[in-house]
Structure formats: C-alpha cells, structure tokens
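Written out below as structure tokens is the structure these notes cover.
The values are calculated or read from the model by the stated rules, or taken from the named source; none is laboratory data. Small disclaimer: the values here were computed from a predicted structure and weren't measured. Cβ placement follows ideal geometry from the backbone for every residue including glycine, while neighbour counts extend to all protein chains displayed.
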C-alpha cells in the first residue's frame, strides 16, 4: 500500500492546467489539420460545447449523489446544492457538450462533423485533470473501493483503495495512442469511437467506486449506457448511408 494522503488544494491547479493543456493540443491539431468550418462557426460550436458541458457536468454530478439531492429537496436546500463547489462529472461534461454542439449545429445548419479535432485534446485534458483528482484524495470522491492489491493507495485514512484516477490516466494514454494510429474513412468516427470507448470504460471502472446505486449501477453508469445506445444508433445510421452511396455494379451474364 502506498501512502499518498489528500491534498485538495492542488485540485484547482491541475484543473486549470487541464484546460490549458487541452487547448494547447487543440491549437496544434487544428494548425496541423486545418479547419473544416469557418472561424465564426468554430467559436459558436466551442461556446455551445462549453455551455452544454457545464450544464451536463453539474446535472449528472448532482444526480450521482441522489440521496444527498433528495435530502436537500426535502429540507428546502436544493438551490444551495446547485451552487455549492464540486459536484461535477466528466461524463456529464462530455455528454452535455456533445448534445450542446449537436443542437447548435442543427440550429445553424452546420453539417460538417467537428469532433475529431477534439479527441486528443480531451484525452490530454482529462488525464491532467485526473492528476488533480488523485492528489485531492478523499476530498475529491473519485477514489475506488478498499482493496488489498499491492498498488492500493492510502489517501490519508489508513485504508488502501483502488487508485481509479491512475487507472483512467493509463486508459486515456492507451486510447489516445490507438486512435492516433488509425485513419477513418468517415469524418467524425474518431470522436464517436473516443466517446464510446470512454463511456464503456466508465461503466467498467465505476464498479470499483463507492457510489450510490440504482438497479445495480450508479447514475454515471446509467448515463454512459444511454450515451452508448445513442452512439450505436448513429453508427448504424452511418453504415446505412454508406451502403446507399456505394456504387452498384451490373451483373455480368
């Protein structure tokens, strides 16, 4: 067991570094690949993603701690719960940002798929942010259940736990490497594969997190399952469209 302790003061530092690192990687990827949409549209999409991510992150963060939310509603303190620090989730941010972008693109008539440029920045940003979650320890509530495995981490209370934050950093590094090694014939598939992989990962890793459950899974896992179902529908729709566009060949007698 590795004693690490809890240092919540560092969490906002790494959260800021996560945004900065993600944006730096995005700028580099954009300069290398080039924009597929006009600059004004790009900033509209980024703004929609930011608003959607904020709302989704906060909403799912509150839903994740549903016993606390129910108690707050019963005691008339729900508005206070909305404005308390913390209570945000990466899954909610990703799903909310995705929905926000799709809504604004539909409203503005933007048909280009813009997510591929954000895959590597998201991997880097989330990984850096998870360092902050790890050093924050018990205060961050992202640690795993107690375990006797050799790499268990003591966050300051003498109990060895799964370092789920480190698991996620390793997963994101492998995912970023894998997605950068392949080319995709359909624009937008890289982002959708990233999102599908991350949602599937969160379903698995959250089984070793001590969160309130509903029908065997926590609220984040149910949100991930819903996101995966939506992505499956979109993938099937893309496959149908690609088959319709495929050239047909006359039979040779």
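Every residue, every condition in (1) assigned to a loop (DSSP other than H, G, I, E, B); (2) touching a helix residue (DSSP H, G or I) at 6+ places or on another chain (Cβ under 9 Å); (3) at positive phi, yes or no:
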residue	(1), (2), (3)
150	yes, no, no
172	no, yes, no
180	no, yes, no
186	yes, yes, no
197	no, yes, no
206	no, yes, no
241	no, no, no
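Within segment 29-43, residues that are at negative phi and surrounded by 15 or more Cβ atoms within 10 Å (Cβ to Cβ) have Cβ atoms under 8 Å from residues that are modelled with pLDDT under 70 and not in a helix (DSSP H, G or I) in these pairs: 42/35, counting only partners at least 6 apart in sequence or on another chain. Got at least one residue in segment 208-219 being out of contact with any helix residue (DSSP H, G or I) (no Cβ under 7 Å at 6 or more places or on another chain), exposed (fewer than 14 other Cβ atoms within 10 Å of the Cβ), at pLDDT below 95 and assigned to a helix (DSSP H, G or I)? No: segment 208-219 contains no residue that is out of contact with any helix residue (DSSP H, G or I) (no Cβ under 7 Å at 6 or more places or on another chain), exposed (fewer than 14 other Cβ atoms within 10 Å of the Cβ), at pLDDT below 95 and assigned to a helix (DSSP H, G or I).
Each residue in segment 104-116 was checked for being touching a residue at least 12 places away in the same chain (Cβ under 8 Å), more than 12 Å from residue 46 (Cα to Cα) and in a helix (DSSP H, G or I), and 2 pass. Would you mind stating whether residue 67 is exposed (fewer than 13 other Cβ atoms within 10 Å of the Cβ), under 18 Å from residue 127 (Cα atoms) and either modelled with pLDDT under 95 or in contact with a helix residue (DSSP H, G or I) (Cβ under 9 Å, 6 or more places away or on another chain) (or both)? Against the criterion (exposed (fewer than 13 other Cβ atoms within 10 Å of the Cβ), under 18 Å from residue 127 (Cα atoms) and either modelled with pLDDT under 95 or in contact with a helix residue (DSSP H, G or I) (Cβ under 9 Å, 6 or more places away or on another chain) (or both)), residue 67 does not qualify.
A single member of 202, 192 is farther than 17 Å from residue 89 by Cβ, surrounded by 20 or more Cβ atoms within 10 Å (Cβ to Cβ) and touching a residue at least 60 places away in the same chain (Cβ under 8 Å), and it is 192.
Screening segment 151-165 for residues that are more than 21 Å from residue 64 (Cβ to Cβ) and touching a residue at least 12 places away in the same chain (Cβ under 8 Å) and picking the one that is surrounded by the most Cβ atoms within 10 Å (Cβ to Cβ) gives 153.
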